[in-house]
Structures are given as structure tokens and as C-alpha cells.
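Here's the structure, in C-alpha cells; my notes come after.
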Amino acid sequence: MKGTARFPSSKATGPAVSPNFPVLPSHSVARWPSIRTSLPRATLQTPYSATLRAAGGGGARTWSVIAGTLPSGLSLNAATGTISGTPTTAGNSNFTVNVADSGTPTKSVTTTLSISVAAVAPLLAVANSLPNGNIGGPYDAVLTATGGKAPYTWTVAAGALPAGLTLAPSTGTITGTPNTTGSFTFTMQVTDSNAPALTAQQQFTLTPFTGPERGPVALVTSNFRNSTLANANNAPAVDLAVVNEASNNITVLLDSVDTNGNVTFTEATNSPIIVGTAPVAIATGDLNADGVPDLAVVNQGDNTVSVLLGSSNLDATFTEATGSRCQPRRLLPES
């Protein structure tokens, strides 16, 4: 064949005709007398794909591994010559590939290849990003890992979590309620499911907050004092009531505007106001029809509602109503 390179050293089958195609990776070019026999490296537990190519021959080609083995988790497509899959074992694999055409007589050629699978340890993806949490407040954070082979197992390799917190080894979830002040340094270790197992570690330092008002999650606005703002064209004041889930209380902030038009807020006299456990929502309205704004707070932690009645003095102070912190019940239609 004119312009066709030949392999005098290749192993061929059929009549005494030299095969006219070499086995090459997809990025290679057939050139006699050299054959490029390298394939890209693979990474453990990472999808892999590389396509072998042959030049010359007649008709469709059939690929096969006739000696050695591909890395565990990879397979060869007989029709396309594509090696693909997800390697499950690190190391180097040597194997011999044969490709045969569909001509008459059939011509084939073989070559020896290798694929190296690199092991990569799981890496913590949450480095130094765990929240500090709040003393007396609910804590929920999840550690994650990348690389290696799932599922993972988590352990505290050194130090200790803040008192009141626990680790779920199978999920990497840290939950609980911090109950001791201070800074806590600990090292988390993740172990994957490879054999042998791979591990990675990351150090964290948590300092739970101890302020009286922590973890704001919701707020409502109202003119709790029925006042106007002289420096804002006598517009009605817009006061705030803020729900603090972590510290189980409500902060009341009073609106004011200075002569330069700057808005500031100051905390009301009896703020913060203690409510139920883990408050998460708040509403305002005149609940007892006395013309003064009141507050109703939903406490998710103990399934109650706190009712706070505004003072008739219009000073933005509140007292808890009789029968407050009741447990709401679903209203059912009469039968």
C-alpha cells in the first residue's frame, strides 16, 4: 500500500503480510519504526477514559486484552478501543492489547501498555470553617471530605470537642449544645474505605460565644413607643424586636435620628427579654386591645408560644402574659 508504514517487528497473524497499523493512544501519530505506548495516568476513585487508535487495516476493528490485566475498575471497549471506568486500586498495571481488523485475511497487531493509578488521600473540604457556636445554643455542623473512597469514618484524633458537642463518626456531623466557655482545639481525622485505608487530618479551634444575645434569626418592626422622629420630619419611629435563637431571648431596639440624619438604635430598658427555648419567629399586634403593640414569639425548642404585652407607658418595655409559653394545638373542624 502506497504511503503505509509497516511493522517488521510486530506480532501478526494471517498470511505473510506485515500488519499496516500500530496501536497508539488517541493523542499519538503512527510513525515507523517507533510506537508510542504510553497512556495517561489515572487517579484512584476518579473517572478515567482514554481511547486507543490504530492506523490502517480494513473494516471494523476488534480490541482485546490478551495478556496481563487492566487496573481494577477499568475495562476495554472491544469496538471502540476505549479504556474507561473508575480505578479502585492504586498501583501500576501492565497488559498487552491486540487489535484485529475485519479484512480477509484478518490482520492483527499487539503492543504492551501500562497504566499507573495514583493514590490520593481524602482532603478535608471544611478547613477552618466550622462555626464557633454559642453557649447554651443549638449547634449543628457537618464535616466533608473529597477524594479517596466513600463511605468515610470520622474520629477526633487529638484534643476534644467543646463540652456538650458530639461527633457522628459515619456522617461527620457535630451536634449538641456548647455549655462551657473557652477555646477548644482538636484534630479531626477522616478515614476512607480503601484497602489499605487512606487518612487525612485537619485541626480546628472553636470558641463558643458567651454574649447575652446570640444567634439572631428573625425580627419584626413596630412603633413600640408611639413616637415620632423630630429630625426626620416627624416620621413615626421604626423600632425593632429581634429574635435570638441561641440565647433564648428577644432584643428590643429603639429607633432615633440625629440632626445630621444618621439613624441609630439603642436597647430598650428591660431588653433582652427571656422567652422559651430556641425562638425562631416573631409577630407583633395589639393582642389585648389596649392600643399598645404586643409580641408573640414561636419557640421551636420547647414547642411553645411566648406572649409579651407592651407597657401602657409606651416605653417599649414588655411583660410576659399570664398563660404564656403555651403549647399551640391544631384546630380541628367540628364533626
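Return the distance in nm (one decimal) between the two label points of a simple spin-label model at Ala163 and Asn233, each offset 7 Å from Cα along Cα→Cβ.
According to this spin-label approximation, the distance is 5.7 nm.
Ignoring ligands, DNA and RNA, what percent of the 1.4 Å accessible area of segment 183-335 is carbon and sulfur?
It is 51 percent, rounded to a whole number.
Sequence gap at least 6, Cα distance under 8 Å: using those rules, report the relative contact order of segment 207-335 to the nearest whole percent.
19
Given a Förster distance of 45 angstrom, what is the FRET efficiency for Asn303 paired with Thr46, based on the Cβ-Cβ distance and rounded to 0.05?
So, using R0 = 45 Å, E works out to roughly 0.45.
Looking at segment 125-223, send over the antiparallel percent of its DSSP beta bridges, to the nearest 5.
Given both bridge residues lie in segment 125-223, the antiparallel proportion sits at roughly 95 percent.
Quick one: if the Förster radius is 30 Å, what FRET efficiency do Thr104 and Thr69 give, using the C-beta to C-beta distance and rounding to 0.05?
0.40
Would you please give the FRET efficiency between Val156 and Ala281, computed as 1/(1 + (r/R0)^6) with r the Cβ-Cβ distance and R0 = 41 Å, to the nearest 0.05?
The value I calculate is 0.70.
Which order do the peptides 320-327, 64-71, 109-116 come out in when sorted by mean C-beta neighbours inside 10 angstrom, highest first?
In decreasing order of mean packing, 320-327, 64-71, 109-116 become 109-116, 64-71, 320-327.
Return a whole-number percent for the relative contact order of segment 138-281, with Cα pairs under 8 Å and 6 or more residues apart as the contact set.
Dividing the mean separation by the residue count of segment 138-281 yields 17 percent.
For segment 64-200, rounded, prolate or oblate, judged on the Cα gyration tensor with a ≥ b ≥ c (square roots of eigenvalues), a/c < 1.5 rounded, else prolate if a/b > b/c?
Verdict is prolate for segment 64-200.
Hey, if you put +1 on the Cβ of every Lys and Arg and -1 on every Asp and Glu Cβ in segment 186-335, which of Val242, Asn226, Gln189 ends up farthest toward the positive end of that dipole?
Farthest towards the positive end: Gln189.
Which of the peptides 248-259, 265-276 is most tightly packed, and how do the rest follow, going by the mean number of other Cβ atoms within 10 Å of each residue?
248-259, 265-276
Tell me whether segment 37-123 comes out rounded, prolate or oblate; compute the Cα gyration tensor, take square roots of the eigenvalues as a ≥ b ≥ c, and use a/c under 1.5 as the rounded threshold.
prolate
Quick one: the Cα spread of segment 139-248 along its three principal axes, in angstroms, biggest first?
Result, largest extent first: 74, 28, 20 Å.
The values are calculated or read from the model by the stated rules, or taken from the named source; none is laboratory data. Quick caveat, the model's predicted, so the values are computed rather than measured. Heads up, the Cβs are rebuilt from the backbone with ideal geometry, glycines too, and the neighbour counts pull from every protein chain shown. Just so you know, the surface numbers come from the protein's heavy atoms only, side chains and all, with ligands and any DNA or RNA stripped out. Shrake-Rupley method; radii C 1.70, N 1.55, O 1.52, S 1.80 Å.
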